[in-house]
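Every read-out reported here was derived from the displayed coordinates using simple, explicitly stated rules and does not represent laboratory data. Just so you know, these numbers come straight off a predicted model, no measurement behind them. We place every Cβ from the backbone using ideal geometry, glycine too, and count neighbours over all the protein chains shown.
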Amino acid sequence: MKVLILGAGAVGLSLAARLSDHCDVHAVCRQRHADAIAERGLVLTGLWGEGTHRFSASEEVPAGERYDYIFITSKALATRAICEQFADVIRDTETVSLQNGIGNEEIVAEYTDRVIGATIITGFEWRGDARVHISVVGGPMKLGRFPDGPDPKVDALVALVEKAGIPVEGSDHIKGDLWAKTLYNSSLNPLGALMNVPYGKLLHPMPWGIIEHVVREAYAVMAEEGVRVPWPTADDYLAYLHDVQVPSTAEHHASMLQDIMHGHLTEIDFMNGEIAARARKYELDAPYNDCITRLMHFRESLLEQ
Ligand SMILES: NC(=O)C1=CN([C@@H]2O[C@H](COP(=O)(O)OP(=O)(O)OC[C@H]3O[C@@H](n4cnc5c(N)ncnc54)[C@H](O)[C@@H]3O)[C@@H](O)[C@H]2O)C=CC1
Ligand SMILES: CC(C)(CO)C(=O)C(=O)O
């Protein structure tokens, strides 16, 4: 089996490392990571096991190669640029978006009709060039034909990922899994970044009151789109977020905070921004998601000054 990983950073290089013992992998990443991988391998530490993994990596796709599966693992902001740059290799190929947010799969679907959605609730942290630490595992990776339905090609990919020792499940309704992950990210990431606090602090009644509205607005949009998540009502999800998800990642700092600290733009438009945009489309009100999106963009605008 041949796998290509495009936009390989912390998530993509870790995935490439684990898959590399079980299939042929090439990762398209920044040159400094490719150089470090060629010199001494990708160093993985933490919950996916400690070790050094060697695989093929460069800034380009090797000429003339075709792949059984492609993963896109860039930030959502780069999805379209990556699809444009690698349109020839993506065309007619099974392509997985392993990214946070809502809307990546729709972009990928403009370039191939074989789209697989994926979610991952695992913490990947840079520890230097081609060095990644896995800090938290909050559940299995989910893989499913986008927008939904069972599919043998997805089953074969699940089997490969499982063989590589990564916790994974197939999903018949990946659209629901993507929204479930976005409920978590849109509740915690921007407020954690704006307030510069770890997730646990967001249980304070002030931010929690905002989170309640973020989730209720998202549920109204999900109802319009026929999306099912494991929690039938917004209150059910809020209880799970409050009692299970936040406590198990209480010390975690949002990746959006890391983005801001490194002077990067964030994925806000694919999270709260997408909830607000879809609400507008259905003539619903989503003032809390809209307000958070504006605040995050204001925060981003300060980076340039
Ligand atoms: N890091 C984490 O703990 C988690 C991340 N995610 C999601 O996974 C996705 C990837 O996140 P990370 O790996 O942390 O991001 P990252 O920033 O470490 O990696 C993305 C890589 O894409 C590369 N890239 C950007 N534009 C490119 C282009 N046009 N061509 C080629 N490469 C390009 C960048 O150089 C970067 O190395 C995001 O959607 C993120 O929200 C999801 C769960 C956890
Ligand atoms: C790293 C983690 C688990 C945050 O808690 C995550 O999945 C995300 O930020 O999307």
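What value, in deg cm²/dmol to 500, does the helix sum -39500 (n - 2.57) over DSSP H runs of n ≥ 4 give at 222 nm once divided by the residues of the chain?
-13000 deg cm²/dmol
Can you give me the long-range amide H partners of Val96? Hydrogens built in the peptide plane at 1.01 Å from N, cutoff under 5 Å, separation of 5 or more residues or another chain.
For Val96, whose amide H was placed from the backbone, the distant partners under 5 Å are Ile70, Phe71, Ile72, Ile116.
Using only Cα atoms, find the angle between the long axis of helix 272-281 and the longest principal axis of the chain, and express it within 0 to 90 degrees, rounded to the nearest 10.
Here the helix axis deviates by roughly 70 degrees.
Once phi is turned into θ = phi - 60°, what whole-Hz ³J(HN,Hα) does the Karplus curve with 6.51, -1.76 and 1.60 give for every residue of the range 191-204, x standing for Gly and Pro?
Whole-Hz 3J(HN,Hα) from phi for the range 191-204: 5, x, 6, 5, 8, 6, 10, x, 3, x, 5, 6, 7, 4.
Hey, could you get me the Stokes-Einstein D for the range 257-305, Kirkwood radius over alpha-carbon pairs, 10 °C and 1.306 mPa s, rounded to whole µm² s⁻¹?
141 µm²/s
Return one number: the angle in degrees, 0 to 90 and rounded to the nearest 10, between the long axis of the Cα atoms of helix 205-225 and the longest principal axis of the Cα atoms of the chain.
Once rounded, one gets 70 degrees.
Could you pull out the pairs from Lys142/Lys175; Lys142/Lys201; Lys2/Lys181 whose alpha carbons sit more than 22 Å apart here?
Lys142/Lys201; Lys2/Lys181
In debye, nearest 20, what is the charge dipole magnitude of the chain about its Cα centre with +1 on Lys and Arg Cβ and -1 on Asp and Glu Cβ, if you could check?
540 debye
Taking H placed 1.01 Å from N in the peptide plane, check which residues at least 5 places from Met141 or on another chain put their amide H under 5 Å from its amide H.
The list, which skips near neighbours in sequence, is Val168, Glu169.
For Glu304 and Ala223, compute 0.36 nm times the residue count separating them, minus their Cα-Cα distance, and round to one decimal in nm.
25.3 nm
Over the alpha carbons of the range 184-251, what is the largest minus smallest coordinate on each principal axis, giving the biggest first in Å?
Sorted largest first, the three principal extents are 34, 21, 17 Å.
To one decimal place, what orientation-averaged projected area in nm² is obtained for the convex hull of the Cα set of the chain?
The number I arrive at for the chain is 14.9 nm².
Working from Cα positions, state the angle (0 to 90°, nearest 10) between the long axis of helix 10-19 and the longest principal axis of the chain.
Here the helix axis deviates by roughly 40 degrees.
Average the reciprocal distances over every distinct pair of alpha-carbons in the range 30-116, invert the result, and give the Kirkwood radius in Å.
14.4 Å
Could you order peptides 269-281, 183-195, 142-154 by the average number of other Cβ atoms within 10 Å of their residues, highest first?
Per-residue Cβ counts within 10 Å, averaged per peptide and sorted highest first, yield 183-195, 269-281, 142-154.
How large are Rg and Dmax for the range 2-172 when calculated on the C-alpha trace, in angstrom?
14.6, 43
Please list the non-local residues whose amide H lies under 5 Å from the amide H of Trp48, H modeled 1.01 Å from N, same-chain partners needing a gap of 5 or more.
Residues meeting the criterion, in which the H sits 1.01 Å from N, are Ile134.
For the range 176-303, what does the alpha-carbon gyration tensor say about shape, rounded, prolate or oblate, given a ≥ b ≥ c as the root eigenvalues, a/c under 1.5 as rounded, and a/b over b/c as prolate?
Oblate, because a/c is 1.5 or more while a/b does not exceed b/c.
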